[in-house]
Amino acid sequence: MAHTADLIERKRDGEEIPVAELSEFVLAYARDEVPDYQMAAWCMAVYFKGLTQAETFAVTDAMILSGKTLDLRAAIGRKVVDKHSTGGVGDTTSVAVGPIVAACGVPFGKMSGRGLGHTGGTLDKLEAIPGFRVELTTEEMVAQLREVGMAIVGQTERLVPADKKLYALRDVTATVDIIPLIASSIMSKKLAAGADAIVLDVKVGDGAFMKTIEEARILAQDMLDLGRRSGKEVTCLLTDMDQPLGWAVGNALEIHEAIATVRGEGPPDYTELVLETCAHLLAYSDLGIGIEEGRRRAKAVIADGAAYSTYERWVRAQGGDPDPRALPEAPVRLTVRAPRDGFVTRLGARAVGVAVLDLGAGRRTKADVVDHAVGAILFAKRGDMVSAGEDIAEVHARDDAAAAVAAGAILAAYTIADEAPVARSVVLEIVT
């Protein structure tokens with residue numbers, strides 16, 4: 001591509017690049033016409049100089065244009081909703097949200113990814129279910145949306161290939177943490193996947209990529225702008241990830257927790273986030289209802305069993321066994337006990353996530369094999385009062401040695417003090 005060095009130089013000097021020129025630059029990179037070293041230089045220039053909203057949209061639109069796109073509304077004749085989380089520890093929200101929304105009569109279609117590092121991936125969790133297929137064709141996904149009302153599938157190779165290529169480059173050139181490019185990466189996939197309305201869950205805190213509420217607000221605003229420029233309805237929930245979400249961390253254990261939540265028996269913080277997400281998705285649907293009515297209907301389908309029935313139909317439709325007893329179990333369990341009386345004032349999400357990763361529940365490289373059975377159950381969380389010797393967690397491991405190491409790491413993630421911490425909701429802010 002001619003003038004690539006000039007474009008990099010202009011961005012390095014803080015100039016706004018015209019939309020058409022920037023779009024062609026990204027598309028040329030996707031076609032292998034711009035070498036990695038030049039794209040890496042541009043990314044570093046963006047790291048220091050940033051992107052305007054118009055530039056961010058140009059990059060996003062070009063990444064969408066680099067591959068195939070879906071139009072689910074045209075395919076099924078209904079408005080389709082979706083959600084996305086920026087990644088955390090113990091976050092299996094989609095697995096509970098989908099059946100609840102679908103049981104309310106609203107199609108829920110989602111393309112998900114795999115985990116890398118201490119944050120889990122929805123596809124890995126679903127593959128803990130024996131027989132569950134995450135790789136569906138577009139035709140299979142559309143048919144399932146019509147028949148069951150929901151589908152969660154893997155992203156196809158043809159969807160936003162430019163993003164996959166660019167992210168791999170950013171990952172090895174210290175340019176991942178550029179908020180406009182994070183927003184562009186997330187939203188290009190969401191917009192190409194074809195839903196009409198999206199609830200974005202932006203995690204904040206120790207176990208999240210966004211460590212502060214200020215960073216999360218900036219990312220949320222960038223994603224809202226991209227969605228609206230594309231004609232989509234978008235809401236961002238800024239949610240607490242200073243401690244793990246719910247009680248379970250680990251693939252099969254989190255599926256158990258999602259099932260319990262769909263049955264009305266889930267942890268308070270997980271249930272709160274699920275209901276908030278469902279309320280916004282239902283308000284965005286073609287039912288013509290508001291957020292409070294959406295929340296009421298979500299609670300109703302949980303209470304009358306319709307949500308769990310939908311979960312069972314969905315899992316069977318994708319080849320899985322919905323019986324919780326079919327989920328794999330680790331052979332070794334080791335309890336973690338409180339060292340003193342007091343209140344849990346902190347439970348480090350990242351430390352717990354890394355401890356479970358080390359058990360084998362995640363992957364450090366894309367080639368690693370995931371152990372779906374291992375993980376941890378957290379009996380005590382922030383604000384809970386505990387007594388010395390009380391069980392506060394339980395490690396599920398393959399062998400005694402791994403269990404002992406994980407138990408030590410999880411105990412170290414707890415802080416217990418004499419005074420209770422100030423209570424706070426899992427939903428910190430709602431950005432619309």
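For the chain, take the convex hull of the Cα atoms, compute a quarter of its surface area, and give me that in nm², please.
20.2 nm²
Just the number, please: percent antiparallel of the DSSP beta bridges in region 44-194, rounded to the nearest 5.
10 percent
Quick one: Karplus J couplings for region 74-91, per residue in order, coefficients 6.51, -1.76, 1.60, θ = phi - 60°, nearest Hz, x for Gly and Pro?
Computed from phi, the couplings for region 74-91 are 5, 6, 10, x, 9, 6, 10, 10, 8, 9, 8, 10, 7, x, x, 10, x, 9 Hz.
Could you list which residues have their amide H under 5 Å from that of Glu429, counting only those 5 or more apart in sequence or on another chain, with H placed in the peptide plane?
Here Leu238 satisfy the definition.
Can you pull the percent of Cα pairs in region 257-401 with separation above 20 Å?
Result: 64 percent of Cα pairs exceed 20 Å.
Could you give me the percent of Cα pairs per 10 Å distance bin for region 290-356, shortest bin first, beginning at zero and ending with the bin that holds the maximum distance?
For region 290-356, the binned pair fractions read 14, 22, 23, 34, 7 percent.
Once the Cα gyration tensor of region 55-128 is diagonalised, what are the square roots of 5 times its eigenvalues, in whole Å and ordered largest first, as equivalent ellipsoid semi-axes? Let's see the in-between values first.
On the way: eigenvalues 108, 90, 22 Å².
One finds semi-axes of 23, 21, 10 Å for region 55-128.
Please pull out the direction-averaged projected area of region 329-417, using the convex hull of its alpha-carbon atoms, in nm² to one decimal place.
Its Cα hull, projected and averaged over all orientations, spans 5.4 nm².
Taking the number of other C-beta atoms within 10 Å as the exposure measure, put Asp368, Asp91 in order starting with the fewest.
Fewest-to-most Cβ neighbours within 10 Å comes out as Asp368, Asp91.
According to a simple spin-label model (label point 7 Å from Cα along Cα-to-Cβ), what is the distance in nm between Ser309 and Asp321?
2.4 nm
Rg/Rh for region 225-271 to two decimals, with Rh computed the Kirkwood way over all alpha-carbon pairs.
1.17
Mind computing the radius of gyration and Dmax over the alpha-carbon atoms of region 72-325? Å is fine for both.
In Å, with Rg to one decimal and Dmax whole: 16.8, 51.
Beyond a 20 Å Cα-Cα separation, which of these cross-linked pairs lie in this structure: Lys83/Lys190; Lys203/Lys366; Lys11/Lys190; Lys68/Lys110?
As for pairs spanning more than 20 Å Cα to Cα, those are Lys203/Lys366; Lys11/Lys190.
Around Lys83, which amide H atoms from residues at least 5 apart in sequence, or from another chain, sit under 5 Å from its own amide H, with H modelled in the peptide plane?
Long-range HN contacts for Lys83: Val199.
Over the Cα atoms of region 4-50, what Rg and Dmax result, in angstrom?
My reading of the Cα-based Rg and Dmax gives 9.8, 26 Å.
Stick to Cα atoms and the Kirkwood definition of Rh, then tell me Rg/Rh for region 18-89.
Dividing the radius of gyration by the Kirkwood radius yields 1.08.
Taking the Cβ of each residue in Phe48, Phe25, Phe108 as the centre, tally the other Cβ atoms inside 10 Å and list the residues starting with the fewest. Can you show the working numbers first?
Numbers: Phe48 10, Phe25 24, Phe108 29.
Fewest-to-most ranking of Phe48, Phe25, Phe108: Phe48, Phe25, Phe108.
Just to be sure I understand: of the beta bridges DSSP finds with both ends in the chain, what percent are antiparallel, rounded to 5?
Of all bridge pairs located within the chain, approximately 50 percent are antiparallel.
Can you give me the Rg/Rh ratio for region 59-189, using Cα atoms for both radii and the Kirkwood formula for Rh? Spell out each step's value before the answer.
On the way: Rg = 15.3 Å, Rh = 15.8 Å.
Reported Rg/Rh, Kirkwood definition of Rh: 0.97.
Going by how many other Cβ atoms sit within 10 Å of their own, how do Thr432, Thr69, Thr122 line up, fewest first?
Thr432, Thr69, Thr122
Readers should treat all values here as calculations from the given coordinates under stated rules, not as data from a laboratory. Keep in mind that what you see is a predicted model, and the values were worked out from it rather than measured. Glycine also receives a Cβ, built like all others from the backbone with ideal geometry; neighbour counts cover every protein chain displayed.
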